[in-house]
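Worksheet for the structure shown next.
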Amino acid sequence: MDDQRPHLPPPEEVLEIGAPEQFAALAHPLRQRLLFALGHRPVTVRQLAAQLDAKKGNVAHHLKVLREAGLVHIAETRQVRGGTEQYYQRTARHMIVAEPQAAGTAAMLAAFAQELDLSPAETHLTLRHLRLSPTKAKELGETLARLVDEAEEDAEGQPLHGVLVALYQQAPPAGTSGSA
């Protein structure tokens, strides 16, 4: 693969996660980190292992699980010293979990925590509780998604930053009706 050649974007813009095998694939922190790392350009098992400080065999195994679940695909191949080097890429630029499941959410948050731990720069982490009408909550969610999409630039060689955006309605205390 020639690094000067432009890389093709993922085949899909948005993939909605819903199949049981997709949830099972998302239920491991290393697979979450692999999906984070596959965000911008196709990469090899060797490149991913170096980036994530993981063993190549472990990375290859987890990529196979993600591929079988339809979350990653082989974007390109290249002949190298009698073998074939495969370049992996996410199947979609954005992945949306319409109905999150606890195991996948826990794995994503664990992967996020690992990423924060490894960050060489100052991180920003804030948890706030806001009282919002359903309309205002929807508006805030759309605004946050738009801000993240608009902030991304294709500046090769610049540091990669992770962004976790979550907007949820807090569960009411047990024994209450939910309206305060």
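Tallying residues that are out of contact with any Pro (no Cβ under 7 Å at 6 or more places or on another chain) and surrounded by 13 or more Cβ atoms within 10 Å (Cβ to Cβ) within segment 90-105 yields 8. Looking at segment 56-73, is at least one residue open to solvent by 30 Å² or more (accessible area, probe 1.4 Å), more than 15 Å from residue 28 (Cα to Cα) and part of a helix (DSSP H, G or I)? The answer is yes, given that some residue of segment 56-73 is open to solvent by 30 Å² or more (accessible area, probe 1.4 Å), more than 15 Å from residue 28 (Cα to Cα) and part of a helix (DSSP H, G or I). Restricting segment 36-55 to residues that are β-branched (Val, Ile, Thr) and not in a loop (DSSP other than H, G, I, E, B) leaves a set whose member that is nearest to residue 164 (Cα to Cα) is 43.
Filtered by the rule that a residue be in a helix (DSSP H, G or I) and more than 17 Å from the chain's Cα centre (by Cα), segment 148-165 gives a lone residue, 150.
Residue by residue, here is whether (1) in contact (Cβ under 8 Å) with a residue 12 or more places away in the chain; (2) farther than 19 Å from residue 41 by Cα holds:
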| position | (1), (2) |
| --- | --- |
| 123 | no, yes |
| 129 | yes, yes |
| 135 | no, yes |
| 140 | yes, yes |
| 147 | no, yes |
| 155 | no, no |
| 171 | no, yes |
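Taking segment 110-125 as the range and being open to solvent by 80 Å² or more (accessible area, probe 1.4 Å) and either within 24 Å of residue 56 (Cα to Cα) or in contact with a helix residue (DSSP H, G or I) (Cβ under 9 Å, 6 or more places away or on another chain) (or both) as the test, the residues that pass are 117, 118, 120, 125. Within segment 39-52, the set of residues being open to solvent by 40 Å² or more (accessible area, probe 1.4 Å) and without any contact (Cβ under 8 Å) to a residue 60 or more places away in the chain comprises 41, 46, 47, 50, 51. When 23, 36 are checked against the criterion of being at pLDDT below 95 and open to solvent by 50 Å² or more (accessible area, probe 1.4 Å), a single residue qualifies: 36.
The values are calculated or read from the model by the stated rules, or taken from the named source; none is laboratory data. Quantities reported herein were computed from a predicted structural model and do not represent experimental measurements. Using ideal geometry, Cβ is built from the backbone for each residue, glycine included, and neighbour counts are taken over all protein chains shown. Ligands, DNA and RNA are stripped out before the accessible areas are found, and what is left, the full protein with its side chains, is counted by its heavy atoms. Shrake-Rupley method; radii C 1.70, N 1.55, O 1.52, S 1.80 Å.
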